1. With every atom except the alpha carbons ignored, what do you get for Rg and Dmax of the chain, in angstroms?
2. Can you check what the net charge comes to around Lys14, using other residues whose Cβ is under 13 Å from the Cβ of Lys14 (Lys, Arg +1; Asp, Glu -1)?
3. For n ≥ 4 DSSP H runs only, could you compute -39500 (n - 2.57) per run for the chain, divide by its residues and tell me the 222 nm figure to the nearest 500?
4. Could you state the accessible area per residue of the chain in Å², with a 1.4 Å probe and every protein chain left in place?
5. Could you list which residues have their amide H under 5 Å from that of His16, counting only those 5 or more apart in sequence or on another chain, with H placed in the peptide plane?
6. Can you give the angle from 0 to 90° between the axis of helix 338-348 and the longest principal axis of the chain, with both taken from C-alpha atoms, to the nearest 10?
7. Cross-link list Lys214/Lys367; Lys87/Lys217; Lys237/Lys305; Lys59/Lys214; Lys214/Lys305; Lys69/Lys102: which exceed 32 angstrom alpha carbon to alpha carbon?
8. Kindly express, to the nearest 10 degrees and within the range 0 to 90, the angle between helix 218-239's C-alpha long axis and the longest C-alpha principal axis of the chain.
Amino acid sequence: MSTFKLANMTIMAKWHVLNNGIHYFQISVPKTLTDRLGKRLIRIRVSQVPVEAIRECEKLGKAHTAFFKGLRLNSDLTDHEGLLAAKALLSSYDLSPGDGAKEVSLVNQTKASIQSAPNTQPHLDAFLEEQLGESHEWSKTAIMAHTLLYKNIPLSLSRFFEAYVQNHVKRENTDFVNSQRQHWNKLIDLFGDVALEDLTREQAHEYINHRRSKNIKTTSILRELNSINAVINGAKKELDIDFRNVFSSITIPNYGSDSVRRNTATKQQTLTVLRAALTKQDDIRAILVLLIFTGARIGEIVGLKRTDIDLKSNYVSIIPTDIRSTKSNASRDTPLHPIAVETIRRHLLTHDSDIVFPRYYTSNHTKVAAASASAALAKWIRTLTEGITSHSFRHAARDRYRDIECPDEIAEAIVGWKTKLDTSERYGDGYSMIIKRRWMNKAWAWLAYKIDSSEIIQILD
C-alpha cells in the first residue's frame, strides 16, 4: 500500500507501489501457494497516470484475491469469481484473454527449431507447461484461463447479477438487493437465464413492450430500466469486460402519457382533515399533521429520529440515511408551524424511543414501514373526504408556495422539491431558518388557529 497526494486529497492506495518513480501493482502470494506459483510476489506495471494506476491496482487486487481463492478453494468459487481468477492467472504470466490467437515472429528462434517444429506462440509456453502440463493436476481456474486465451466466456444473467451485488456498497442492505433482484429477475423470466451479451436491442424493446402489455405504467418501466442499467454497468466495471449494453438510452414509446395526476388537497379538505387529526392523540395523526405543515414525503416523516426534531428552534432536519432516503438525496432543515410544534411535542412525551414513530420502524431498526403508514392514512382520510391521499398535501404545499410567489430555490429549501437551479445556488450553507420561516408563515397566513393556556389547539373558522 502506498500513500500520495492528488490535488488536496491524501490517497491510500492498496496493492500499489511506486518504485523509482514507476507505478506498479504488487501483491504477496500466500505462503501456501508460493511453491505452486514459483514466486512470492506478483508485480505488474500499470498506467503511469496516478488516478488510472490506482484504479488498475484495485481491479488487479480483486482479481488476484479471487485467483488465490480459486487455487485454494476451487469448489467454493462462483462463476464471476472464477472469471476474475482466470484473468488474474493469465496476468501473472503477462497474458491477456485472446492471446491464444496471437502469433509471434520467428526471428529469435534457431534454424533447427524452426525446421523441426516452428513455435509461433512461445509466449504461452510457461503458462501451458506450469498450469496444464502432464505433471500438474489441472485446476478449474487454469482450465477457464486456457479457454479465455481463445474465446470469451459470457456470464449468464443470474451470474452477472451476483457479480454486481458482491461488489456493491449496499450488498449488506437486504431491501436494496431484493429490490434490484426483483427487477433483474423480470429479464430472466422473459428470456431465460441466457448470456447477457447475447441479448439484442430488439429484445430490449421486446422487454418494454412485454411490460406495457402487463399494464405497467411507463414511469415504472423507466425505474426498472434504470435498475437494469445499474446492474449491467456496475458488473461490467467490476469484471473489467466490455460489450454493448442494449438497454442503454432506450426509448419508451409515449413515456408519461399514461400517468395519472394526483389530486391536490384543497384548503377546505386540509381544514377538514386537520381538525379531525387534532382531536386524536396518536402517532398516525401526528404523522399526518407533520405532512400537512411540512409538505414532506411520508417516508421522510416516518423515518424521523428524536435528534432530527429541534423544539427550541422549532424546525425538523430531514436527512438521508441508509434506511431512509430523500428523493434528491439532500438534507434540509424545514421550519415547523406552531401547530406542528405542539403536536410533535405532545407525541414525544408518549414514549422514550430514539425513533419518533417507532411503530413504523422494523424491530431491528433497519427499515422504515412508510407503505404501512401511507395505507393507514389513506384508509382514514377516505372516511373524511374523497379524492386525496396523504401525498396530496405535498402537492398542496407546492401550490401554496406558488400562490405567494415564493422563489423556487427557497421553496425547495423548505419542502425538498428537485428543481433545476444555477450551480451557484448549491454553494454555501443555503437559506437561513429566519428566511425560510418568514415564507412558511406567509404560506400559512390564511389558517386561523388558537393554542390556549391549556395548550389545546383550535382551528378557527
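The values are calculated or read from the model by the stated rules, or taken from the named source; none is laboratory data. Keep in mind that this is a model prediction, so the values were computed, not measured. Here the Cβ positions follow ideal geometry from the backbone for every residue, glycine too, while neighbour counts run over all protein chains shown. Just so you know, the surface numbers come from the protein's heavy atoms only, side chains and all, with ligands and any DNA or RNA stripped out. Shrake-Rupley method; radii C 1.70, N 1.55, O 1.52, S 1.80 Å.
1. 30.5, 110
2. So the surrounding residues net to +1.
3. It comes out at -14000 deg cm²/dmol, rounded to the nearest 500.
4. For the chain, the per-residue accessible area is 55 Å².
5. Correct list: Ser2, Gln26.
6. Between helix and principal axis, roughly 70 degrees.
7. Correct reply: Lys87/Lys217; Lys237/Lys305; Lys59/Lys214; Lys214/Lys305.
8. 30 degrees
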